[in-house]
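Visitor: I have a structure here, written as structure tokens, and I will follow up with some questions on it.
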Amino acid sequence: MDLLPNAIPFVTALLVAFAATPVVSRMAQALEVIDRPNERKVNRRENIPLLGGLAVALGFFVGVALTVFLFPENAPYRGRLEGFLLGGLLILGMGAFDDRFSLGPRTKLAVEIAAAAIAVGYGYEVSHLRDPVTGAEWPLPTWLAWAISALWIVGITNALNLIDGLDGLCTGVAAIIGGTLTIICWQGGQT
């Protein structure tokens, strides 16, 4: 497996996110998108800038764009990538808006369901279950595959959102998950 098409987007995303973080921090402070401690929050420090997801997302989007531009022959994911990016942009927009204006749980859930529906509509789905011991596969009916997939996406989105109360915790956990999935995908030949 060729290392270059996989290393370039990773290093690019890392550098762009690293460079964008202080810029986004200053922007958040200028726009007064800062954390205000209250009785429900763990953090008690004043004036911590929010919107950190914008820096991470910028790194991700630049890394993906560079990969598509430099290695178009390695793009069997085209068609599905658009759904991933559209759903991701919807969640990113909701998160930035929520950081500034504090959306209610119903609104957030509606946006998460819409983003999951976009991703599933573009082909991201759990189409079958596999027994880890025997390797036997059981295909799922389309309606059930879509429901399980959307539920999974919404569930993971909320799980990460729930740990976003401490500075850097969500990003750190997401980095660990991303690294683990990268290793699993690399071993399975699905870089």
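The values are calculated or read from the model by the stated rules, or taken from the named source; none is laboratory data. Source: prediction; values computed, not measured. Here the Cβ is made from the backbone with ideal geometry for all residues, glycine too, and neighbour counts use every protein chain on show. Keep in mind that these areas ignore ligands, DNA and RNA; they rest on the heavy atoms of the full protein, side chains included. Shrake-Rupley method; radii C 1.70, N 1.55, O 1.52, S 1.80 Å.
Visitor: Could you list, in sequence order, the residues of the range 11-30 that are over 14 Å from Thr171 (Cβ atoms), touching a Pro at 6+ places or on another chain (Cβ under 9 Å) and either open to solvent by 40 Å² or more (accessible area, probe 1.4 Å) or at pLDDT 90 or above (or both)?
Guide: The answer is Arg26, Met27, Gln29.
Visitor: Does Gly168 satisfy the criteria of being of a type in the set (Gly, Ala, Ser), modelled with pLDDT of 90 or more and loosely packed, with under 14 Cβ neighbours inside 10 Å? Quick ask: steps written out before the conclusion?
Guide: Working: of a type in the set (Gly, Ala, Ser): yes; modelled with pLDDT of 90 or more: no; loosely packed, with under 14 Cβ neighbours inside 10 Å: yes.
Taking the combined requirement at face value, the residue does not satisfy it.
Visitor: Okay, moving on. Criterion first (open to solvent by less than 50 Å² (accessible area, probe 1.4 Å) and either modelled with pLDDT under 90 or under 15 Å from Pro9 (Cα atoms) (or both)) does Gly59 satisfy it? Let's see the steps before the verdict.
Guide: Details: open to solvent by less than 50 Å² (accessible area, probe 1.4 Å): yes; either modelled with pLDDT under 90 or under 15 Å from Pro9 (Cα atoms) (or both): yes.
Judged against the criteria, Gly59 is a match.
Visitor: Looking at (1) open to solvent by less than 50 Å² (accessible area, probe 1.4 Å); (2) at negative phi, which is the only condition Gly123 fails?
Guide: So the condition that Gly123 fails would be (2).
Visitor: Same structure, new question: Under the condition of being assigned to a loop (DSSP other than H, G, I, E, B) and among the small types (Gly, Ala, Ser), which residue from the range 75-115 is surrounded by the most Cβ atoms within 10 Å (Cβ to Cβ)? Show your work before the answer.
Guide: Restricting attention to the range 75-115, the residues satisfying the condition of being assigned to a loop (DSSP other than H, G, I, E, B) are 75-79, 102-104.
Subset that is among the small types (Gly, Ala, Ser): 75, 79, 102, 104.
On the way: Ala75: 13, Gly79: 10, Ser102: 8, Gly104: 9.
Of everything passing the filter in the range 75-115, Ala75 is surrounded by the most Cβ atoms within 10 Å (Cβ to Cβ).
Visitor: Mind listing whichever residues of the range 31-55 are at pLDDT below 90 and part of a helix (DSSP H, G or I)?
Guide: Taking the range 31-55 and keeping what is at pLDDT below 90, we get 31-53.
Of everything in the range 31-55, those that are at pLDDT below 90 and part of a helix (DSSP H, G or I) turn out to be Gly52, Gly53.
Visitor: Pull out all pairs, ordered by first then second residue, where Cβ-Cβ is under 6 Å, the residues are six or more apart or on different chains, the first lies in the range 161-190 and is charged (D, E, K, R), and the second is surrounded by 13 or more Cβ atoms within 10 Å (Cβ to Cβ) and assigned to a helix (DSSP H, G or I).
Guide: Asp164/Cys170
Visitor: So, one more: Give the number of residues within the range 93-129 that are in contact (Cβ under 8 Å) with a residue 24 or more places away in the chain and farther than 24 Å from Asn6 by Cα. Before you say what the answer is, go through the steps one by one.
Guide: First, pick out the residues of the range 93-129 that are in contact (Cβ under 8 Å) with a residue 24 or more places away in the chain: 95-96, 99-100, 108-109, 112-126.
Okay, now just the ones that are also farther than 24 Å from Asn6 by Cα, so 95-96, 99-100, 108-109, 112-118, 120-121, 126.
Adding up the residues that qualify gives 16.
Visitor: Is there a residue being without any contact (Cβ under 8 Å) to a residue 40 or more places away in the chain, of a type outside the set (D, E, K, R) and either crowded, with 16+ Cβ neighbours inside 10 Å or touching a helix residue (DSSP H, G or I) at 6+ places or on another chain (Cβ under 7 Å) (or both) anywhere in the range 132-142? Before you say what the answer is, go through the steps one by one.
Guide: Step one: list which residues in the range 132-142 are without any contact (Cβ under 8 Å) to a residue 40 or more places away in the chain, which gives 132-142.
Now restrict to residues that are of a type outside the set (D, E, K, R): 132-136, 138-142.
Within this subset, residues satisfying the condition of being either crowded, with 16+ Cβ neighbours inside 10 Å or touching a helix residue (DSSP H, G or I) at 6+ places or on another chain (Cβ under 7 Å) (or both) are 140.
Yes, the range 132-142 contains at least one residue that is without any contact (Cβ under 8 Å) to a residue 40 or more places away in the chain, of a type outside the set (D, E, K, R) and either crowded, with 16+ Cβ neighbours inside 10 Å or touching a helix residue (DSSP H, G or I) at 6+ places or on another chain (Cβ under 7 Å) (or both).
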